[in-house]
Amino acid sequence: MLTKVSIIVPVYNCEKFLPACIESIAAQTCPDFECILVDDGSSDGSGAVCDGISRRDPRFRTIHKPNGGVCSARNAGLDAARGEFVLFCDQDDRIHPETIATALAHHERAPEDLVMWLYTRDPGEFSAPLPEGETLFSQKQFGTLYCTFMLPPVWNKLFERNVLEGPAPLRFDTSVHNGHEDLPFVYDYLARLAKLRPGFAVHLLRAPLYYWSDENDMSVSKKDVHYERYFEVELDLFTRFSRDCTALYHCTPQDMAAFYQHALHTLAYGLLFESGVRGRKLLHMPGVAELLDGLKAGRSFSPFYLPFRWHSPALARFLIRAEQEGRRSYERAYWLFYYLLGGNWCR
């Protein structure tokens, strides 16, 4: 039996937080949905929580599988989904009661485009009346879109299942286990949309329809594994997006300026987890030069530009620590590097 929306929730050892997530899904004002709870080999009572709601509410289905990670769990959910659209929700988060209804209403007005929405970590904002309106991004503005910080997650987007399934099924990369699982999937979906619908745009709703909880200490983003090969993983993601923006979305250097600034800042942070010798090797990677060339093309200033050009991880680490600690040395270095570049790059 077909349904309008399939909500996929990967579940692993989250007995404490899972009920609140399930309750938020059950409270949707749009009744035409199914929720697929994928128990990924939990060793606590999470599987029983899933089975309990599935017995009480026919809109919920539970899949039990051996542990394979969040990507494997999401893929199992995608394989089982019967909805025209797909939403993702993490087990320790919540969605607003109007999430499905609001997303579908906006999609009906622009069926060729992608609908996204804001998330919040503020319980008060999440429970407040929803603001109306949206921000429209053409493909040429995808560099700007990236800097809204709403592009990476999969759980704030309305995916079309026919796009996910054709011409070949789009699935998560099960080799990724470090908290960077979402963005490659999002990149692939955007690229697929660009080929199917060259003029598609992104509608970013101003309503915070997703609550990203910070309460679960077992979240991958809080574990050391999140920072293993952090620089290399982030560099691969940044260079992939930069190339797609040039080849597929035709973004201008001016639109990409803030993206390149963000990329260098993130990579400088990644150097904090690397030794000096390895850091120097990382700064010689071709992708680093691509990002620096992008900054130069748009004459967009970053205080990390010269340390990266000079292949100096020590100087980049000094800058990022000085910024984090609010030291005056950061401001002094900022202006020194700015004037060394001629004092005429955009800040």
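The values are calculated or read from the model by the stated rules, or taken from the named source; none is laboratory data. Note that the structure is predicted; figures quoted are calculated from it, not measured. With ideal geometry, Cβ positions are generated from the backbone for all residues, glycine too; neighbour counts draw on all protein chains shown. Just so you know, the surface numbers come from the protein's heavy atoms only, side chains and all, with ligands and any DNA or RNA stripped out. Shrake-Rupley method; radii C 1.70, N 1.55, O 1.52, S 1.80 Å.
List of remarks:
- Filter result for the condition that a residue is within 21 Å of the chain's Cα centre (by Cα) and either over 21 Å from Tyr210 (Cβ atoms) or modelled with pLDDT of 95 or more (or both), over Phe60, Phe33, Phe88: Phe88
- When the helices (runs of 4 or more DSSP H) confined to the stretch 286-347 are screened for residues that are small (Gly, Ala, Ser), those reaching at least 3 such residues are found at 286-297, 313-324.
- Residue match in the stretch 56-67 (condition: buried (at least 21 other Cβ atoms within 10 Å of the Cβ) and farther than 20 Å from Leu164 by Cβ): yes
Every residue, every condition in (1) over 29 Å from Gln139 (Cβ atoms); (2) in contact with a Phe, Trp or Tyr (Cβ under 8 Å, 6 or more places away or on another chain), yes or no:
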| residue | (1), (2) |
| --- | --- |
| Leu2 | yes, no |
| Ser6 | no, yes |
| Val11 | yes, no |
| Cys14 | yes, no |
| Ser46 | yes, yes |
| Gly68 | yes, no |
| Ala80 | yes, no |
| Glu84 | no, no |
| Pro111 | no, no |
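- Count of the stretch 258-305 residues which are of a type in the set (A, V, I, L, M, F, W, C), more than 25 Å from the chain's Cα centre (by Cα) and more than 18 Å from Phe337 (Cα to Cα): 1
- Within the stretch 120-129, considering residues that are open to solvent by less than 60 Å² (accessible area, probe 1.4 Å) and in a helix (DSSP H, G or I), the one nearest to Phe149 (Cα to Cα): Phe126
- For the stretch 130-150, the set of residues classified as open to solvent by less than 20 Å² (accessible area, probe 1.4 Å), touching a helix residue (DSSP H, G or I) at 6+ places or on another chain (Cβ under 6 Å) and either in a helix (DSSP H, G or I) or without any contact (Cβ under 8 Å) to a residue 40 or more places away in the chain (or both) consists of Phe142, Gly143, Tyr146, listed by residue number.
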